[in-house]
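Where a number appears in this text, it was derived from the coordinates with a stated rule and is not lab data. Small disclaimer: the values here were computed from a predicted structure and weren't measured. Please note: Cβ atoms are built from the backbone with ideal geometry, for glycine as well, and neighbour counts cover all protein chains shown.
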């Protein structure tokens, strides 16, 4: 490598620590690395940013995929990669994103705590509907671009806090997202266990070799149910997390306990599943004779004749071939019934959820050992490490009331243009526009 | 990402003008004629192909690696990074992006040593000087110079759609596929969208196989002038290639290309 060339690129290269202040501002930690809340050191941009420091050194396949895909993806409901920093000295990779103050894991946790304390949270009537609509919108965009998420769960659904994208859903953590248009390898070969068990579709648990759009849709159904009831619908104790075998008896048992055991006519191809024999050996249909989604949701005060339930039922169909698509679900009557979904899921109301807290290294350790009730999964992912929230007064929210929909289109457009301009400079301007 | 090509970084950032390409090459053209420059590109495309086949990569991955290679030198002199180092680095990065899996940089450096010894000894008489640490370092520079644009659209998928439209034509498909592989040795992947390249290659294949598809071509909604340019570029390549005795000429050409100077320039104290 030529020394003069190296020197030239070195001089053009921006260092993350020169541009951003983020010391002591860690807000998340997981197998992927750490996330910091950051702001620019210079200029009058006082926006918050999320800086993700990738675990380990160099470019793993998953970070390559993340950079490659996010570089191309542009949608208001998909997290926007603004810039990549490569630190040559320690070989660290940093990704810069817009900062999202909230996520569904924290929001649902807050609701559950409030429910337990018998203090209902005041949220806009259409909030769940707005959340679901935007999740579907983002996934529809990914799916039309032949990108699968594969790891949808509440912790990966971010929601923007105060600012010009207030209350907007951002689908995140696409590190494992992969193309499914003519995969070069059977998808299951690469990383055998990916989706958190609770959100994992039955066909995956029965050994399906390929990920599909329908697998993402199932996960969205699970998230929808969890938003409606504040309980993970297919909650399951998980001890044996290291298994690379997709078949998971307890998780299937849980699904059948809620849904009932699938009838042959409901899912004809179930016989073709690799683990079908194990299923027949391990399970008895009669054990689940009294189980149905109707009964489960009724126990959680969701009536089977409401539009929300009808859509939920279509999202959570056992047969992946019959499961609704993102496109069709966005046309569902649920979304045209009052109250209509809003672009700001908080619909201008005060945001009741606390902001993210900073983690100290001590707290991290404490949290690691305290992490209960969380989806402990195969790779021991720990996205949701800030457990200590939801019970204190750190609610520093402005009271700005915004009109429901007016102006949002314009905002969206501005945002789009902003994305466009950012798109042109992942490292710095000097590489650009030389042609 | 098999989504919208027109919104892709490939289209928005990496389809360039011929004049700009030539201008960016001025530094290298001080040492090589345009023809010689093309021969060097042919040689390294071959090198990437052989290296990729060693690791049993699919053609899609090899094509992506080759386009990375071409994009890098579309903006940088051959002097900035030794192409013998950049070539395996492109394979290294492309195999991750295309989900082939991670090839160890060590193994890659090892197969460079073998390939050069066994297949390209006529071009490179020394021992292969690079190790995994060089590939890893080079990868960061490559990613920066590509401006993180890693998804490359290739003409193969458009070709399959075109063939479907024509009707099952196995012979035509196989030949066009090969011509597309060959087109990686020209600049067309930097100058034209992949579906146009597929059509250009198809046209040449039709001529070779004496297939009459004039009406079918006439009905395509595509800029035929561009298609002619692509076809001409590929035909030119074939002519040049025919008269290119790689074994004889390449060592001399590689000698002529400007070399990277690994030590920092000495500054006066």
Here FRET efficiency (C-beta to C-beta, residue B:164 to residue A:119, R₀ 51 Å, nearest 0.05) is 0.25
Connecting every pair of Cα atoms under 10 Å apart in chain B and solving the GNM, the largest mean-square fluctuation among B:133, B:214, B:18 falls on B:214
Between the modelled labels at residue A:290 and residue A:57 (7 Å from Cα along Cα→Cβ) the distance in nm is 6.1
Computed over chain B: longest principal axis from alpha-carbon atoms vs helix B:224-242 long axis, angle to nearest 10 degrees, is 50
For residue A:282 and residue B:5, extending 7 Å from Cα along the Cα-Cβ vector and measuring point to point gives, in nm, a value of 4.6
The whole-number value in µm²/s of the Stokes-Einstein translational diffusion coefficient for the range A:27-156, with Rh from the Kirkwood sum over alpha carbon pairs at 4 °C and 1.567 mPa s, is 76
Across all Cα atoms of the range A:85-154, Rg and the largest Cα-Cα distance (Dmax), in Å, are 17.6, 53
Final fewest-first order of B:147, B:182 on the 10 Å Cβ neighbour count is B:182, B:147
For chain B, longest principal axis from Cα atoms; helix B:59-75 axis from its Cα atoms; angle between them, nearest 10 degrees, is 60
Fewest-first ordering of A:87, B:95, B:125 by Cβ atoms within 10 Å yields B:125, A:87, B:95
Nearest-0.05 FRET efficiency for residue A:327 and residue B:34 at R0 = 60 Å, using Cβ-Cβ distance, is 0.75
Taking N as the residue count of the range B:143-191, its alpha carbon Rg divided by 2.2 N^0.38 Å gives 1.42
Mean-square fluctuation maximum in Gaussian network of chain B, Cα pairs under 10 Å, restricted to B:207, B:22, B:235, hits B:207
Binned at 5 Å starting from 0, the alpha-carbon pair-distance distribution of chain B in whole percents comes out as 1, 5, 12, 16, 19, 17, 14, 8, 5, 2, 1, 0, 0, 0, 0
Here D for the range B:1-137, in µm²/s, from Stokes-Einstein with a Kirkwood Rh over Cα pairs at 20 °C and 1.002 mPa s, works out to 135
Helix B:105-118 sits off the longest principal axis of the Cα atoms of chain B, rounded to the nearest 10 on a 0 to 90 degree scale, by 80
Expressed in angstrom, Rg and Dmax over the Cα atoms of the range A:229-323 are 14.2, 41
When all Cα-Cα pair distances of the range A:1-72 are considered, the percent exceeding 21 Å is 45
Between the modelled labels at residue B:133 and residue B:27 (7 Å from Cα along Cα→Cβ) the distance in nm is 2.6
So for the range B:99-182, using the alpha carbon gyration tensor with a ≥ b ≥ c as root eigenvalues (a/c under 1.5 gives rounded; past that, a/b versus b/c decides prolate or oblate), I'd call it oblate
Full extension between residue B:171 and residue B:12 adds, at 0.36 nm per residue less the Cα distance, a length in nm of 53.8 nm
Quick calc of log₁₀ I(q)/I(0), the range B:186-269, Debye, one scatterer on every Cα, no solvent, q values 0.12, 0.16, 0.21 1/Å, result -0.56, -0.76, -1.01
